[in-house]
Amino acid sequence: MEGLKLELKEKIIEQLNLEDVSIEEIGDDDPLFGDGLGLDSIDALELIVMLDKDYGIKLTDPKEGKKIFESVAIMATYITANRTK
Amino acid sequence: MSQTYLSYNNIISSLGFTTAQNIENISLGNSGIEKVDDKKVLQTPFYSSLIKTDQLDTAFQKLGNSIDFTRLEKMMFLSLNDVLEQSNLEITAKTGLIISTTKGNVDVLDTNSKFPKERAYLAELGKQIQQFFGFKNEAIVVSNACVSGILAVSVAKRMITSGVYDDVLIASGDIVSEFILSGFQSFQAISDAPCRPFSKNRTGINIGEAAAAILVTSQKENLSPDALEILGDGSCNDANHISGPSRTGEGLYRSIQSALKEAMIETSTIDYISAHGTATNYNDEMEAIAFNRMELGDVPVNSLKGYYGHTLGASGLLETIVGMQSLFNNTLYTSYGFDELGVSQSINVIKENTKKPLQTFLKTASGFGGCNTAVIFKKVH
Amino acid sequence: MKIENYISNYCHIRNNTVSVNGELIFKEDSNSEFADFSKKGYKQLNLSYSKFFKMDNLSKLAFLGAEYVLNATKIDADDNVAIVLTNRASSLDTDRKHQGSIQDKESYYPSPAVFVYTLPNITIGEISIKHQLKSENAFFIFDAFNADFLHAYASSLLEKEKAESVLCGWVDYDGEAYDCFMYMISKKGQRKHTTNELKNLYKNKD
């Protein structure tokens, strides 16, 4: 799980082009959207693509994403339970 | 100052190859949207309004060899050709050409396309059209996302008013491609059913394809029976988000305000609004908010996306031409696919074809990049 | 009555060089890639605007050009500044990238963050957001820099009081080749707004 969380942080920074953010700055339970990392609606859609591409999880309802992308810890738990690759 | 008018026009779409055929289908309540299962375009079935390829190729025979031109070029050539024939206009150094498209021949980027990749350049598309019809001036290509079609009308008017041209021909068009469908799908914006603009149960957009062409002129002798005067226009940005529309409808609100100010009319004189109405949650909600901020909530409004889907760079012009016919026939056309109001502010969506004396209408559109355009038209005859 | 308009400030970004009003602002090694060059351009402006790094190359180029011109002009959010941009390659650089993501059906992952930049007018959206310009805007495509059109269109916006000033430009990004010339048309300034002046400035001849 710790390995997956680290992997997710790296991916979030790289794929969402968070130039000024380092892995250490993203806490496992920090909110990713809103006041946290300040991600927006396109980032959320991009994370849906990442779930599909890297973990074989298809989300069809963007509203589902809202709950899953709350924090790195919640994402990791969800991916562990649902991944197909 | 000289007035500018919309005159002879054409629509090439799934509902017909002339404006008259399109209007007949709309008045009969026929939508061009169907379920399409074509793995070459998209892996999963989708709803779209497509032009029949064999019909397009047959119609194109009179203009050229079908295999030498892309699908979009054939559509746009046919549309513009019809307008030139109807108007009998002589192309001179004072005749402008405006091309409006969102993606042009982007489908040639596909490695399976037999056309050279240079064809994807929009100026190349402009050149094709300019040379084919013998325009003296380089084409002005408007590529401003989903407002392109109506923005082109506004640009034509501005170029005529400032004396650069006497007449401008606008040719607009976009096709349904995997490029576009896959992109909107990644935005989770595509509906898995025929679209329902402004409805409670709307689930997103359908992409459609169409070409439309029109003569914009300052010359009274070039006016068609359905001609309209362009009273005012505005294209203001939301300055809010590159894909999501403003929650307050700021850019659209300012665009309408700017058009009204120039037209020097009160909101109460507007008889009809042809809205953008893509049937995404955010777009329709934004429009309802902007119309209400302008106190236009009671004015009859429709979205034509239920007939054509979203035809991107063609939509603004196509819908303006339908609006012209609405005024000419004194008929408000049903906002196809509408059931129960699904926006937070009250708007007066047209539920059935209604005969009514109509003088003035407002056309609006909004798109990615936070762009919005509003143009106000008035009957000439 | 014709009101006289002026080119108040202008900027060139080409050949890994940024210049404002003809004066060199900074220069990078001609071998350096646009990614590094644009980052230096951003740093040089002392900005803290993380959205910049999410932009595609065309938007980065337009954003930097606008930033340098608007810095020199000093505008407020309630100034009515229109934006009119033009280029040759539209958003083809990013279009190719999006096409690449859907070409192979075995690896078919279109990215919304890429797709959104497959429209040239996103550049205008980015500039508008940064400077809160809720004003007239449009993007046009031509074969080459078209001084006649830009002159006529900007003049008509000012004449019809659709704007108080107009940020105009040519912003092209195609493959590794790029070219940006941006300028501000205002009611005050030294250089008259004429097509000849624009043609000369574009070519960087005073």
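Every number here is computed from the coordinates shown, using simple stated rules; none is lab data. Computed from a predicted model, the values in this text were never measured in an experiment. Glycine also receives a Cβ, built like all others from the backbone with ideal geometry; neighbour counts cover every protein chain displayed.
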Shape category assigned to the stretch B:328-369 from the gyration tensor of Cα positions, a/c cut at 1.5 | oblate
Rounded to two decimals, the Rg over Rh value of the protein assembly as shown from Cα coordinates and the Kirkwood Rh reads 0.95
For chain B, the longest site-free run once GluC sites (Glu not before Pro) in DSSP loop states with at most 13 other Cβ atoms within 10 Å are removed | B:91-265
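Computed over the Cα atoms, what is the radius of gyration of the stretch B:5-217 divided by 2.2 N^0.38 Å, N being its residue count?
With N residues counted in the stretch B:5-217, Rg over 2.2 N^0.38 Å equals 1.03.
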Counting each DSSP H run of 4 or more residues in chain B as -39500 (n - 2.57), what helix-only mean residue ellipticity at 222 nm follows after dividing by all residues, to the nearest 500 deg cm²/dmol?
-> -9000 deg cm²/dmol
Antiparallel %, DSSP beta bridges [both residues in chain B], to 5 = 65
Is there a pair in B:39/B:117; A:63/B:39; A:5/A:67 whose C-alpha atoms are over 25 Å apart, and which pairs would that be?
-> A:63/B:39
Quantify how strongly other chains surround peptide B:140-150 by giving the mean number of their Cβ atoms within 10 Å of each of its Cβ atoms.
-> 5
Work out the charge dipole of the protein assembly as shown with +1 on the Cβ of Lys and Arg and -1 on the Cβ of Asp and Glu about the Cα centre, then indicate which of A:71, B:41, B:121 is farthest towards its positive end.
-> B:121
Proximal lysines relative to residue C:54, as straight alpha-carbon distance under 19 Å, when same-chain residues fewer than 8 apart are discounted = A:9, A:11, C:39, C:40, C:43, C:97, C:130
Over the alpha carbons of the stretch A:9-85, what is the largest minus smallest coordinate on each principal axis, giving the biggest first in Å?
-> 31, 21, 19
Please determine, in degrees from 0 to 90 and to the nearest 10, the orientation of helix C:34-44 with respect to the longest principal axis defined by the Cα atoms of chain C, where the helix direction is its Cα long axis.
-> 50
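Sort B:202, B:119 so the one with the fewest other Cβ atoms within 10 Å of its own Cβ comes first.
Fewest to most other Cβ atoms nearby, the residues stand as B:119, B:202.
How shielded is A:17-27 by partner chains, expressed as the average number of their Cβ atoms within 10 Å of its Cβ atoms?
Working: counts 7, 3, 7, 4, 1, 0, 0, 0, 0, 0, 0.
Averaged over the peptide's residues, the number is 2.
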Hits in the stretch B:280-309: amide N under 17 Å from the 7 Å Cα→Cβ extension of residue B:201, namely B:280-281, B:306
One checks the Cα atoms of chain C and finds Rg and Dmax, in Å, of 17.0, 64
How do C:168, B:371 line up, fewest other C-beta atoms within 10 Å first?
-> C:168, B:371
Restricting the count to DSSP beta bridges whose residues both fall in the stretch C:59-206, what percent are antiparallel, rounded to a multiple of 5?
-> 45
Excluding residues fewer than 8 places away in the same chain, name every one of the lysines whose C-alpha is closer than 19 Å to that of residue C:203.
-> C:27, C:192
Residue mean of other protein chain beta carbons inside 10 Å, C:87-98 | 4
Among GluC sites (Glu not before Pro) in the stretch C:2-65, those in a DSSP loop whose Cβ has at most 16 other Cβ atoms within 10 Å are C:4, C:33
Percent antiparallel among DSSP beta bridges with both residues in the protein assembly as shown, to the nearest 5?
-> 65
Compute the Rg/Rh shape ratio of chain B: radius of gyration over Kirkwood radius, all on alpha-carbon atoms.
-> 0.94
Rounded to the nearest 20 Debye, what is the dipole magnitude of chain C about its Cα centre when Lys and Arg each give +1 and Asp and Glu each give -1 at the C-beta?
-> 380
Part-to-part distance (alpha-carbon centres) for the stretch B:347-381 and the stretch C:30-81, which is given in Å = 38
For each of A:75, B:294, count neighbouring Cβ atoms within 10 Å of the residue's Cβ, then give the residues from fewest to most.
-> B:294, A:75
Which angle between 0 and 90 degrees, to the nearest 10, do you get for helix C:147-159 versus the longest principal axis of chain C when only C-alpha atoms count?
-> 60
Cα-Cα pairs in the stretch B:191-328 separated by more than 25 Å, as a whole percent of all pairs, come to 30
